[in-house]
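Q: First the structure, then my questions, so here it is.
Nothing in this text is a laboratory measurement; each read-out follows from the coordinates by a stated rule. Keep in mind it's a predicted model, so treat the numbers as computed, not measured. Glycine gets a Cβ as well: all are built from the backbone with ideal geometry, and neighbour counts include every protein chain shown.
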Amino acid sequence: RERETARLKAKVKRRLRKNSSRDSGRGDSLSDNGDVVRAVVPPTSPKGKLLNRRSRMGKGRGLPKKGGAGGKGVWGTPGQVYDEDKVDFKDPNYDAEQENCIYETVVLPLDEETFEKTVTPIVQEYFEHGDANEVAELLAELNLGSMRGDVPMLAVSLALEAKASHRELTSRLLSELCECVLTAADVEASFHKLLKELPDLVLDTPGAPQMLGQFIARAVADNILPKSFIDGYKGRVDCEYARAALDRAAVLLRMSRWTGLRIDSLWGSGGGQRPVNQLIKEVNLLLKEYLLSGDTVEAERCLRELEVPHFHHEFVYEAVIMVLESKGNRTLQMILQLLKSFCASTVITVDQLRRGFERVYLDMADLSIDVPCAYSLLEQFVEQSFDAGVINKKLRDLCPCR
């Protein structure tokens, strides 16, 4: 009986070895009783067989076919260099006219709706970074076509609703673009359109006629608008807004010739473009005017117009120094009221307020030379500022003592 069992097992093993290459996807095995156990294995898909690079003939060493140079998505063995394909002149698809063709990317011209959606973000970003070369490069990539002359019009329209520093940037942008992207005719056509649309612009910006007049005067001074532009409208203007804009431009140009008025500084140099010494002088002038008038609203408006939120620590520093140098209770109370108002309206941030007080603390050794009672005055001002909620306890405790 044992001999018969061994003979059956050997027979089954021979059959399994014979069919191993044919039924490679089936996992047949022997049980302890000698019965064939067929495992349930999903059939191999044809796609899986195609992706398998090993030989399916049961021969070879299991290496990729063609040395790794065959199969889908393979362009030959690693390091293989192909020569340029020679043109087959006998090919029925060969066309001699296409031999010297040059292919270029065609950019469709912008229509009115697409133009506004595309150029408006470019101008608004320019108000943030102030790089006219970047704007010129972006506009050069666009196919402006017939809308090229509307670029100055769109820029000026956006600047009318913006700050004075943005209007200064717009004047500089027009001057820069007139050399590479725009022509003098494009600028002149844009200002003609702006004068015609002044009645609509006034609805959103009441001061549009005066500001447009300043833009025209600046453009004439920058030589991007002909001097005959204003003279061409004499006696032919029916719109009162357009007349006011042209009169404003003519007056500014006459003042520049007779009194030496600098047209290039009409808008001022806003924000961080101003020198530090000039900003310090304007901050001191603002504080002195406030001490004379006591108008907190006007002082807040003047501080916002400086457009230097990163420099407000200088305002706090100069205000505290003015308290120490005045030695009077009236100045102390007015400055305290001003700082409290600015902190409540978030004109001055907590960080700028802290930096201003810390600068005063560091300079107390030098300030006490000119003001012997500076330490006692500072301690009194800091204590009242803490009681009024202007500074926190940590900043109060940092106050130096003699």
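Q: Provide the packing ranking of 280-286, 76-82, i.e. peptides ordered by the mean count of other C-beta atoms within 10 Å per residue, highest first. Before the final figure, lay out each step's value.
A: Working: 280-286: 16.3, 76-82: 8.3.
Per-residue Cβ counts within 10 Å, averaged per peptide and sorted highest first, yield 280-286, 76-82.
Q: At a threshold of 8 angstrom on Cα-Cα distance, excluding pairs fewer than six apart, so keeping six or more, what relative contact order does region 116-176 reach in percent?
A: Working: 26 pairs, mean separation 24.2, N = 61.
For region 116-176, the relative contact order is 40 percent.
Q: If each residue of separation counts as 0.36 nm, what is the full-extension length gain between residue 100 and residue 231 once their alpha-carbon separation is subtracted?
A: Values: separation 131, 0.36 × 131 = 47.16 nm, distance 5.40 nm.
This chain segment gains 41.8 nm when fully extended.
Q: Hey, another quick one. For the modelled label position 7 Å from the Cα of residue 291 along Cα-to-Cβ, which residues of region 313-352 have backbone nitrogen atoms closer than 16 Å?
A: Flagged as within label range: 315-339.
Q: Something else: I need the calculated FRET efficiency for the pair residue 301 and residue 108, taking r as the beta carbon distance and R₀ as 45 Å, to the nearest 0.05. Walk me through the numbers before you get to the answer.
A: Details: r = 47 Å, r/R0 = 1.05.
Between residue 301 and residue 108 the formula returns 0.45.
Q: Mind ranking 150-157, 86-93 by how tightly packed they are, going by the mean number of other C-beta atoms within 10 angstrom, highest first? Don't skip to the answer; put the middle values down first.
A: Values: 150-157: 23.0, 86-93: 7.0.
Packing order, densest peptide first, comes out as 150-157, 86-93.
Q: Here's a follow-up. How large is ³J(HN,Hα), in whole Hz, for each residue of region 182-188 in order, when computed from phi with the Karplus curve 6.51 cos²θ - 1.76 cosθ + 1.60 and θ = phi - 60°, using x for Gly and Pro?
A: Karplus values, whole Hz, x for Gly and Pro: 9, 10, 4, 5, 5, 5, 5.
Q: Near the amide H of residue 308, under 5 Å away, which other amide H atoms are found, from residues 5 or more places off or on another chain, if H is placed in the peptide plane?
A: Amide H neighbours of residue 308: none.
Q: Just to check I understand the Karplus step: with θ = phi - 60° and J = 6.51 cos²θ - 1.76 cosθ + 1.60, what whole-Hz values come out for region 113-129, glycine and proline as x?
A: In residue order, the calculated couplings are 5, 5, 4, 5, 5, 8, 7, 4, x, 5, 5, 5, 5, 4, 4, 8, 9 Hz.
Q: Length gain on complete extension for the stretch residue 117 to residue 162, per 0.36 nm per residue less the alpha carbon to alpha carbon distance? Please report the intermediate quantities before stating the final value.
A: Values: separation 45, 0.36 × 45 = 16.20 nm, distance 1.83 nm.
Fully extending the segment from residue 117 to residue 162 adds 14.4 nm.
Q: Between residue 136 and residue 257, what's the calculated FRET efficiency when r is the beta-carbon distance and R0 is 30 Å? Round to 0.05. Could the numbers behind the result be given before it?
A: Working: r = 32 Å, r/R0 = 1.05.
The formula returns an efficiency of 0.40 here.
Q: Something else now. Across region 277-290, in residue order, what do the Karplus-derived ³J(HN,Hα) couplings come to in whole Hz, using 6.51 cos²θ - 1.76 cosθ + 1.60 with θ = phi - 60° and x for Gly and Pro?
A: 4, 5, 5, 5, 5, 5, 5, 5, 5, 4, 5, 5, 5, 5
Q: Between residue 330 and residue 276, what FRET efficiency follows from the Cβ-Cβ distance if R0 is 35 Å, with the result rounded to 0.05? Walk me through the numbers on the way to the answer.
A: On the way: r = 30 Å, r/R0 = 0.85.
In this case the efficiency is close to 0.70.
Q: Now for a separate question. Roughly how many debye, to the nearest 20, is the charge dipole of region 112-265 about its Cα centre, given +1 on each Lys and Arg Cβ, -1 on each Asp and Glu Cβ, and no other charges?
A: Working: 16 positive and 25 negative charges, 199 e Å.
Charge dipole, region 112-265, about its Cα centre: 960 debye, nearest 20.
Q: Per 0.36 nm of contour for each residue apart, how much would the distance between residue 15 and residue 196 grow if the chain were fully extended, relative to their Cα-Cα spacing?
A: Values: separation 181, 0.36 × 181 = 65.16 nm, distance 9.89 nm.
Gain on extension, residue 15 to residue 196, equals 55.3 nm.
Q: Here is a further query. Pairs of Cα atoms under 8 Å, at least six residues apart: use those to get the relative contact order of region 276-398, whole percent. Intermediate values should be presented prior to the final figure.
A: On the way: 88 pairs, mean separation 31.6, N = 123.
Across region 276-398, relative contact order equals 26 percent.
Q: Return the whole-Å distance between the Cα centroid of region 78-156 and the Cα centroid of region 272-301.
A: A separation of 49 Å, based on Cα centres.
Q: What net charge is computed for the residues neighbouring residue 250, neighbours being all others with C-beta under 12 Å from the C-beta of residue 250, Lys and Arg scored +1, Asp and Glu -1?
A: Working: positive: 227, 234, 243, 248, 254, 257; negative: 231, 247.
Spelling it out: positives minus negatives among the neighbours equals +4.
Q: Under a Cβ-Cβ cut-off of 14 Å, what is the net charge of the residues other than residue 318 that fall near it, where Lys and Arg count +1 and Asp and Glu count -1? List each step's numbers first, then the result.
A: On the way: positive: 281, 288, 355, 359; negative: 282, 289, 314, 325, 363.
Here the count lands on -1.
Q: Using a cut-off of 12 Å between beta-carbons, work out the net charge of the residues near residue 374 (Lys and Arg +1, Asp and Glu -1, residue 374 not included). It would help to have the intermediate numbers written out before the result.
A: Numbers: positive: 327, 402; negative: 325, 363, 366, 370, 379.
Spelling it out: positives minus negatives among the neighbours equals -3.
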